[in-house]
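Only one structure is covered here, and it is reproduced in the block below.
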Amino acid sequence: MRQYSAYIGLDVHKDTIAVAVALPKGGEPIYRGEIAHTTKALTKLLKRLTASYGDSLAFCYEAGPTGYDLYRWLVGKGHHCEVVAPSLIPKKPGDRIKTDRRDAIGLARMFRIGDQTSVWVPEKDQEAMRDLTRVREDVKSVETHARQRLSSFLLRHSKRFPGNCRSTQGYLDWLEGLTFESPTTQIVFQEYLDLVKTTQARVADIEKEMERALANWSLAPVVKSLRALRGVDFLTAMTTMAELGDITRFTSPRQLMAFLGLVPSEESSGLIQKRGGITKTGNGHVRRVLIESAWSYRFPARLTAHLRKKADGASPEVKSIAWKAQKRLCGRYRHLLNAGKSRNQVTTAIARELIGFIWAIAKEVQPKAVMAKAYI
């Protein structure tokens, strides 16, 4: 690990930043006070720190709602910076005093000894793609709630759809033909229906924007190749890559599984072994879409016309991985189900293995995509 002339812990908030400095030779970190969270104040702070400790400075702060702009600004000024995972910062069980001063000093002390766990900081274009997939997820959630409210309203007024599926044009046509005796009730119904239509249109517009943005994205070849997997289509593939970025930075699928919280929790001591449900740490967005995709492996393995169409354009190596994944996961699903596991447990286990095959495809496609881009 490279030695720096000073290790600076920053407790970052919307309006203020608390600053503490730890020197490499040891000793208690020095609290340097609090500054405003502005570029002007940060520039003055850099000048003071450089004058006191030299140019070789290393900064760290906790990941939080303020994002990565401070990281990019410090790196742009030529300094080393790391963003620390807050959930992995060691805490003393008996310490019940928390202040900005203590947090900054604790960060500086931990950073000096290298006990921090840093998070991966995405590039600006990667972060933009992640925001795009997340806004689609948020608007989709609003649409789901709107549909639920409409369904509850109809149930209260004894209006029942005669069909089975509410995602068809027939259901929308049935809604358009509904009438109520009370004019006020009719207005309420129309407001609910308009809200559903509006949110559905917004989701469709965002998905079109995602397709347009994908064309110029560096990870587009990986997204297109992932569609060869059963249960993985455009939205799942794009959400996964937008959230994780370059997943080849994980040295093994097992490391990626643990990062996504898809491995069992454990509390063992001595001769007692106790394992529980999955840890649910890491990125919940990817974990959700993986579990949704895993449900498709409850059916027998086969190459349908739909799967062949999705895999168009994928390399023979990717198609081979996808077929291997389908045979493995479909068989695994039946085996675990016959062993007495619940469907939710089985689906979670399938999702854990599915991310391993996604890692293998990214490992196969991404280096080739980078090389091709280098020759353009």
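Taken together, the values in this text are just the output of simple stated rules run on the coordinates, not laboratory data. The structure presented is a predicted model; accordingly, all values stated were derived computationally and were not measured. Note: ideal-geometry Cβ built from the backbone for every residue, glycine included; neighbour counts use all protein chains shown.
So for the chain, taking the charge dipole from beta-carbon charges (+1 Lys/Arg, -1 Asp/Glu), which of ALA301, PHE234, ASN344 sits furthest toward the positive end?
Of the listed residues, the answer is ALA301.
Considering only SER296, SER218, SER269, give the residue with the highest GNM mean-square fluctuation for the chain, with springs between Cα atoms whenever their separation is below 10 Å.
Maximum fluctuation in the GNM of the chain, among the listed residues, is at SER269.
Label ARG48 and LEU172 with points 7 Å out from Cα along Cα→Cβ: what is the distance between them in nm?
That separation, rounded to one decimal, is 6.1 nm.
Can you give the angle from 0 to 90° between the axis of helix 124-156 and the longest principal axis of the chain, with both taken from C-alpha atoms, to the nearest 10?
The angle comes out near 40 degrees.
Among rounded, prolate and oblate, which fits the range 124-214 when a ≥ b ≥ c are the square roots of the eigenvalues of its C-alpha gyration tensor, a/c under 1.5 means rounded, and a/b larger than b/c means prolate?
Since a/c reaches 1.5 and a/b is larger than b/c, the shape of the range 124-214 is classed as prolate.
Which order do peptides 86-96, 129-139, 100-110 fall in by mean Cβ count within 10 Å, highest first?
Going by the mean number of other Cβ atoms within 10 Å, highest first, we get 100-110, 129-139, 86-96.
In what sequence do THR43, THR185 fall when counting other Cβ within 10 Å, fewest first? Before the final figure, lay out the partial values.
Working: THR43 11, THR185 14.
Ascending number of Cβ neighbours within 10 Å: THR43, THR185.
Considering lysine pairs in the range 6-113 that are 8 or more places apart or on different chains, how many have Cα atoms under 24 Å apart?
11
Once label points are set 7 Å from the Cα along Cα→Cβ at both LYS341 and ARG308, what is their separation, rounded to one decimal in nm?
For the pair LYS341/ARG308, the computed spacing is 3.2 nm.
Dipole magnitude of the chain about its Cα centre, charges +1 at Lys/Arg Cβ and -1 at Asp/Glu Cβ only, in debye to the nearest 20? Mind showing how you got there, number by number?
Numbers: 60 positive and 38 negative charges, 255 e Å.
Using only the charged Cβ atoms, the result is roughly 1220 debye.
Run the simple label-point estimate for ARG334 and HIS80 please: 7 Å along Cα→C-beta, distance reported in nm.
5.5
In degrees, nearest 10, range 0 to 90: what is the angle between the Cα axis of helix 316-338 and the longest Cα principal axis of the chain?
80
Using the beta-carbon distance between GLN3 and GLU317 and R0 = 56 Å, what value does 1/(1 + (r/R0)^6) give for FRET efficiency, to the nearest 0.05?
That gives a FRET efficiency of 0.80.
Say the dipole of the chain comes from +1 at the beta carbon of Lys and Arg and -1 at that of Asp and Glu; which of THR16, ALA85, GLN366 then lies farthest toward its positive end?
Of the listed residues, the answer is GLN366.
Relative to the compact-globule scaling 2.2 N^0.38 Å, provide the ratio for the alpha-carbon radius of gyration of the chain.
1.23
Calculated from DSSP H runs of 4 or more alone, at -39500 (n - 2.57) each and per residue, what is the 222 nm mean residue ellipticity of the chain, nearest 500?
Mean residue ellipticity, 222 nm, calculated: -18000 deg cm²/dmol.
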